[in-house]
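The values are calculated or read from the model by the stated rules, or taken from the named source; none is laboratory data. As the structure is a computational prediction, the values presented were derived from the model and not from experiment. In this analysis, Cβ positions are derived from the backbone assuming ideal geometry, glycine residues included, and neighbour counts consider all displayed protein chains. Heads up: the accessible areas ignore ligands, DNA and RNA and are worked out on the full protein's heavy atoms, side chains in. Shrake-Rupley method; radii C 1.70, N 1.55, O 1.52, S 1.80 Å.
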Amino acid sequence: MSDQLKSILAKAKLNFAILASILVIAVLGKLTNPELTNSIFITADQLVSDLYLVFIAITLGAFIPNFKLVAFGSIVVFIAAIALIQLKVFNYLTSEYLFAVLIVTLGFASIANLYRHYREYGL
């Protein structure tokens, strides 16, 4: 392997971890609770057609240099929103919908960040 590829892979560990975790969640969800998993991923598929969410995720992944802030910040916002749903502050949101938003946001941000690393080396 070339040094450039090793460097890209070293910088993108978190990106691959996020994408792999989305895949693991999909597989484990299909085995344990297929109905819930289907509804979450159908919602995520519908959210992709809402281009503003995709543009925000790509912007976060491509233009914020410290991707850990994007990843962990998204997870913290997700947890805070779930807590507010449980406290009945948000009556119109569901945890499944927020999880779909998290999957779309982290997925597109990870891919955009991977592309940013790729472009740094001019490959």
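Against the chain, whose longest principal axis is taken from its Cα atoms, helix 13-32 shows a tilt of about 40°.
Here each label is just a point 7 Å from Cα along the line to Cβ, and for ALA83 and SER21 those points are 1.8 nm apart.
Modelled this way, with points 7 Å down the Cα-to-C-beta line, the labels at LYS30 and LEU9 are 2.6 nm from one another. Shown here is the pair-distance distribution of the chain: with all Cα-Cα distances grouped in 10 Å bins from zero up to the longest one, the shares run 13, 38, 33, 13, 3, 0 percent. From Cα pairs below 8 angstrom and at least 6 apart in sequence, can you work out the relative contact order of region 1-96, rounded to a whole percent? Relative contact order, region 1-96: 16 percent.
Per DSSP H run of at least 4 residues, take -39500 (n - 2.57); add these up for the chain, divide by its residues and hand me the 222 nm value, nearest 500 deg cm²/dmol.
The helix contribution divided over the chain gives -28000 deg cm²/dmol.
Computed over protein heavy atoms with a 1.4 Å probe, the accessible surface of region 36-105 works out to 62 Å² per residue. Computed from Cα atoms, the angle from the helix 51-63 axis to the main principal axis of the chain rounds to 40 degrees.
Within the P(r) computed for region 52-103, what percentage of the Cα pairs occupies the region above 18 Å?
Values: 498 of 1326 pairs.
Above the 18 Å cut-off, region 52-103 has 38 percent of its Cα pairs.
What residues of region 1-41 lie in the reach of a label at TYR121, counting those whose backbone N is under 13 Å from a point 7 Å from the Cα along Cα→Cβ? Backbone N within reach: 1-13.
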